[in-house]
Amino acid sequence: MAQALELSEHDRSQTEFQDFLDLLRAGLSDVTNEIVSEIKQNIPEYDRPDPAYDQILRLCTDILLPSFLDRVADPDASTAQRDETCRTIGRFEAVEGRTLDHLQAAARIAFHVAWRRTAVLAEREQVPTSVVSAAVDAMLVYLEESVAQARLGYQQATGHADLRRREERRRLLHLILQRPAVVPEAIEDLAKSTGWWPLPEEATLVALHPEAPCTRSALDTDVLTDFDSAEPCLLVPGPLTADRRNMLRAALSDASCVLGLTVPLERATHSLRWARRVLSLAEEGVIPDGSLIPCQNHLMTMWLLLDPPLIEELTRQHLEPLRDVSDGQRKRLVETLAESVTTRATAVDIGERLKIHPQTVRYRLRQLEGYLGDSLEDADTRFSLDATLRAASLYRRRGRGRKGTPGTR
């Protein structure tokens, strides 16, 4: 008997709940108008002359309110249309460049209007409190689920937008570095399409080791990047000011990388080419490896080592008169010759540098005069010999390589 009464009570409650949902459904048109009106009144961003905004608000409300009643009436009802609608709203907010704050405020307004209408209707129709409470609880759950779907759509759109923006800027960097050079108008057009990226008059290129770590979030937003190629690089608009250097230090403090020269934008490819060459010299052990290596400090080294086979040929020609000298003596004579032609120092100074007696220096210089004759008196020959010996000394450092994990100091 008691069980039968409980079932009867449950059926009556369900009937009352369904009747109340029917009453709510009958007034949906008025609720839609009130929600749209209050949203536009309280959120200026949604109150625009463009009729599309009003249409979007009404369309979304016309879909979501009936969907709510369907879901409450049948918990197994599909939420596919509601979810897609909410994700579309979230994507729309992202495209418009807004945060989700306005959308969440609009959702709260919609809930308060629906709750107010529900309370008035319940009082007029003398709907039991338990029925009203169940309806309001369902509203809150539905609202939370809807906002979650809108947030998902927003995240998807911003993720796609960020990916698209990064790819556009990567293409812009490639276009700037392209050889043969493209017409400036092509670069300008692509720069405009990427968003806010005014073309700078000058740029500084940075060459990175392929495995170099980088804290990308530390980079300024106007820095163009390509981390995916076999030879990653950055383009920093303008010269390296103190702030720019601090930015690069924060992003690349543990990376093997070279700061290229600041050049006019149309010569950016040369800045990068030189920076990559200096990075190679660091990897080969010719110059000390490290982070933020200034290319400016190694221009002469780079120039001297442009053509290693030519260095070998020049060395052979200049030192041909010493071909019959023993290896040990030849090494000592070339060492003394290099100090003499590169420093123009006295025998005393050369002796201090080589840690030998000045008289030994004089003896070796006399030997060199015997082998080389008066060729050292010729300015052009002396210059060529100076450059050759310097380049040969640098070239001998190759192969030592750097120590530690690749891409790091």
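The values are calculated or read from the model by the stated rules, or taken from the named source; none is laboratory data. In this text the structure is predicted, and so the values were computed from the model without any measurement. Cβ placement follows ideal geometry from the backbone for every residue including glycine, while neighbour counts extend to all protein chains displayed. The accessibility values were calculated without ligands, DNA or RNA, using every heavy atom of the protein model including side chains. Shrake-Rupley method; radii C 1.70, N 1.55, O 1.52, S 1.80 Å.
Here are the numbers:
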| quantity | calculated |
| --- | --- |
| Residue selected from the range 273-286 under the condition touching a helix residue (DSSP H, G or I) at 6+ places or on another chain (Cβ under 6 Å) and touching a residue at least 40 places away in the same chain (Cβ under 8 Å), by the criterion farthest from His174 (Cα to Cα) | Val286 |
| Pairs with Cβ under 9 Å, 6+ apart, first in the range 58-75 and under 15 Å from Glu144 (Cβ atoms) and of a type in the set (Lys, Arg), second in a helix (DSSP H, G or I) and open to solvent by less than 40 Å² (accessible area, probe 1.4 Å) | Arg71/Arg82; Arg71/Ala138; Arg71/Tyr142 |
| Considering residues of the range 202-240 that are under 15 Å from Arg165 (Cβ atoms), among the β-branched types (Val, Ile, Thr) and touching a helix residue (DSSP H, G or I) at 6+ places or on another chain (Cβ under 9 Å) only, the residue least open to solvent (accessible area, probe 1.4 Å) | Val223 |
| Filter result (outside any helix (DSSP H, G or I) and over 29 Å from Tyr53 (Cβ atoms)) within the range 90-136 | Gln126, Val127, Pro128 |
| Number of the condition not met by Ala207 [criteria: (1) in contact with a Cys (Cβ under 7 Å, 6 or more places away or on another chain); (2) within 14 Å of Arg170 (Cβ to Cβ)] | (2) |
| Evaluation of Leu248 against (1) in a helix (DSSP H, G or I); (2) closer than 26 Å to Leu304 by Cα (one fails), failing number | (2) |
| All positions within the range 305-324 that are touching a Lys or Arg at 6+ places or on another chain (Cβ under 9 Å) and open to solvent by less than 70 Å² (accessible area, probe 1.4 Å) | Leu305, Pro308, Leu319, Leu322 |
| First in the range 364-375 and under 14 Å from Arg330 (Cβ atoms), second anywhere and in a helix (DSSP H, G or I) and open to solvent by 40 Å² or more (accessible area, probe 1.4 Å), Cβ under 8 Å, 6 or more apart | Arg364/Arg332; Tyr371/Pro321; Leu372/Pro321 |
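Yes/no per residue for (1) under 19 Å from Gly153 (Cα atoms); (2) open to solvent by less than 30 Å² (accessible area, probe 1.4 Å); (3) modelled with pLDDT under 85; (4) acidic (Asp, Glu):
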position: Ala80; (1), (2), (3), (4): yes, no, no, no
position: Gly90; (1), (2), (3), (4): yes, yes, no, no
position: Glu93; (1), (2), (3), (4): yes, yes, yes, yes
position: Ala105; (1), (2), (3), (4): yes, yes, no, no
position: Arg116; (1), (2), (3), (4): no, no, no, no
position: Gln126; (1), (2), (3), (4): no, no, no, no
